[in-house]
2 protein chains.
Amino acid sequence: MLTINPPYLMFLGDAADQLAAKTADGVARWRPDWCLGQLRLEGCQADIGLEDLTIDQARQAGAQTLVVGVANRGGIISEVWLETLLAALDAGFDIASGLHNRLGDLPALAERAQATGRQLVDVRYPDVELKVGQGTPRTGRRLLTVGTDCSCGKMFTALAIERELQSQSRKATFRATGQTGILIAGTGVSVDAVIADFIAGATEQLAPDNDDDHWDLIEGQGSLFHASYAGVSMGLLHGAQAHALVLCHEPTRTHMRGLPQAHLPSIAQCIDLNERCGRLTNPDCRVIGISLNTSQLPDDQVDDTCKRIEHETGLPTIDAYRHGSERLVEALPE
Amino acid sequence: MLTINPPYLMFLGDAADQLAAKTADGVARWRPDWCLGQLRLEGCQADIGLEDLTIDQARQAGAQTLVVGVANRGGIISEVWLETLLAALDAGFDIASGLHNRLGDLPALAERAQATGRQLVDVRYPDVELKVGQGTPRTGRRLLTVGTDCSCGKMFTALAIERELQSQSRKATFRATGQTGILIAGTGVSVDAVIADFIAGATEQLAPDNDDDHWDLIEGQGSLFHASYAGVSMGLLHGAQAHALVLCHEPTRTHMRGLPQAHLPSIAQCIDLNERCGRLTNPDCRVIGISLNTSQLPDDQVDDTCKRIEHETGLPTIDAYRHGSERLVEALPE
């Protein structure tokens, strides 16, 4: 499985705005100890609040990997960045990228990486032995975040639970299945880019046998109710063999992301179908709480919304960003 | 989408036994008009009942494609076959193969194909534009075969329904999703080999808009209850946007194929989950009949088994091999 060596120098390039540096921002938020500084080119409109460092300064501070945490139009590697990326290789950095096109597809980068013996890591492309899922019971405890839709807080919630468990000195590991998550974890597998037959198998490899009191917090993807991506969500659910699910939901969304004609499922439907399918590989699988992304709600509606859903479902309902994840951790089964 | 040009010369190589030529046998069974003859090398232990033809004889008879319809140990292309395959290219044949390794990975074959301007078609490898599924309603009627498990008659049943509809002069097209099916259809997409994000999208492309009175009979794969492959089955179910499902079942199976510890789901569970998930993209989706593969049952138990399941489910229950598919066709919605 691919591995990125921390600490990182976060490369923001010539980002057109703050949103273009969303990936870098997520990494800096969750792995502040790994992010030694940011490197911005002329015209960069983003700032993730780290010290501005040159390549040499970052290298002297101990950074091992330059992380391309920025998306530009088209999701490709900009010509404008090339000089900096080559200089980073020369200075001894690996480079990791979450972009669509591969670092190694640029001949100049591929040649320089080989000449300098450095690693180019494209986190969107799975680097994992293809194995068919087996469903054989594994040791350790596993939680998977699932959703009513895409992009409603599944990565954030899994990370918040990892942080809370670790703050209680309990054994916990975030398991990443998407590009930002992989940069945060330093390893993982982009499950939506695996060959279809191997979705469950890749997830089994991502969260293998572990100590009886260790929790894997597996980042979910998509939704069983998303007409584009439910196959990924299903394979991930079976491969996760989860004891606990946390259902993530964005309460203001009016239709499924990217599908204007498609309604969101109800929370009850979503709990029921995920539990039912999850029990194929773990008979104890159940939803233990609801994590709302209330960033689009007016502040004065947040508490009422949480209370209403908590009342309807009988499950602890929080916004992990506003409230932390302590109540989800309390709800974990022994 | 990949296209294989009929008619075919069926290449059986040095098949160790009849089972090794299972793919060729399936093609010859369902497309007798396309299969002009068989080509067997010294020591071949299989016979699919076609006339033995040399390459030149087959070419003169009008054959366009040599179909490698044989599996040898390891599923690879045998050195022993190479001379014949090269001669076929020289004679003007395309070559199509359902094996794991690609024809074009053999340099000698790749070079000769280029030199002769012939096509090498590896049906296991999808050749389809990657598009994300949309779930947008499509015109035409679609039926998908689903299963309690893998390998329980999903391709056979879809083909039997196509044949019955066509015998009634109704518009019907078999849509292939696996390697034997693709050789039978002359086109298709091996959905289990698509990148996970695109399972539903590839299925949408496989069965696009069509006439209101036209039925697509889509070959199912795996099972929503198979811990290895359910992601594929789910994406296929959503992408198919099926009006009708036929549930395929092998009544003597004691565990899920390849997973000795995993029980089969009940037929009722399987109907319920498939309908529920299928309705995400087609609210009319329902199971209209059961197709049993009774090849492992003693003859005198077949009728009782069909009757029992028909009584339990209230759905027409047949073995398409023994009884034909007329009763399934009668059960199709208008």
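Quick look at the values:
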| read-out | value |
| --- | --- |
| Single residue of segment A:205-232 satisfying the filter (part of a loop (DSSP other than H, G, I, E, B) and of a type in the set (D, E, K, R)) that is farthest from the other protein chains (Cβ to nearest Cβ) | A:213 |
| Checklist (1) closer than 24 Å to residue B:171 by Cβ; (2) in a loop (DSSP other than H, G, I, E, B); (3) within 13 Å of another protein chain (Cβ to nearest Cβ) applied to residue B:237, failing item | (2) |
| Test: residue in segment A:191-199 that is assigned by TED's automatic domain parsing to the domain that holds residue A:315, in contact with a Leu (Cβ under 7 Å, 6 or more places away or on another chain), free of Cβ contacts under 8 Å to residues at least 40 places away in the same chain and not in a helix (DSSP H, G or I) | no |
| Selected residue (criterion: nearest to the other protein chains (Cβ to nearest Cβ)) from residues of segment A:141-151 that are at pLDDT 95 or above and assigned to a loop (DSSP other than H, G, I, E, B) | A:150 |
| Single match in B:228, B:223 (criterion: under 23 Å from residue B:142 (Cα atoms) and of a type in the set (Gly, Ala, Ser)) | B:223 |
| Residue check for residue B:126: crowded, with 16+ Cβ neighbours inside 10 Å, of a type outside the set (Asp, Glu) and within 14 Å of chain A (Cβ to nearest Cβ) | yes |
| Qualifying positions in segment B:102-138 - among the β-branched types (Val, Ile, Thr), in contact with a strand residue (DSSP E or B) (Cβ under 7 Å, 6 or more places away or on another chain) and under 12 Å from residue B:189 (Cβ atoms) | B:123 |
| Test: residue in segment A:15-36 that is on the phi > 0 side of the Ramachandran plot and touching a residue at least 24 places away in the same chain (Cβ under 8 Å) | no |
| Members of segment B:172-204 found to be more than 22 Å from residue B:321 (Cα to Cα) and more than 13 Å from chain A (Cβ to nearest Cβ), listed by number | B:186, B:187, B:188 |
| Any hit, segment B:209-218, residues being under 30 Å from residue A:241 (Cβ atoms), of a type outside the set (Val, Ile, Thr) and crowded, with 24+ Cβ neighbours inside 10 Å | no |
| Residue within segment B:112-120 that is buried (at least 20 other Cβ atoms within 10 Å of the Cβ) and within 14 Å of chain A (Cβ to nearest Cβ) present | no |
| Segment A:283-301 - residue that is touching a strand residue (DSSP E or B) at 6+ places or on another chain (Cβ under 8 Å) and assigned to a loop (DSSP other than H, G, I, E, B) and, of those, farthest from the other protein chains (Cβ to nearest Cβ) | A:293 |
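The values are calculated or read from the model by the stated rules, or taken from the named source; none is laboratory data. The structure displayed is predicted, hence computed values, not measured ones. Cβ: placed from backbone, ideal geometry, glycine included. Neighbour counts: every protein chain shown.
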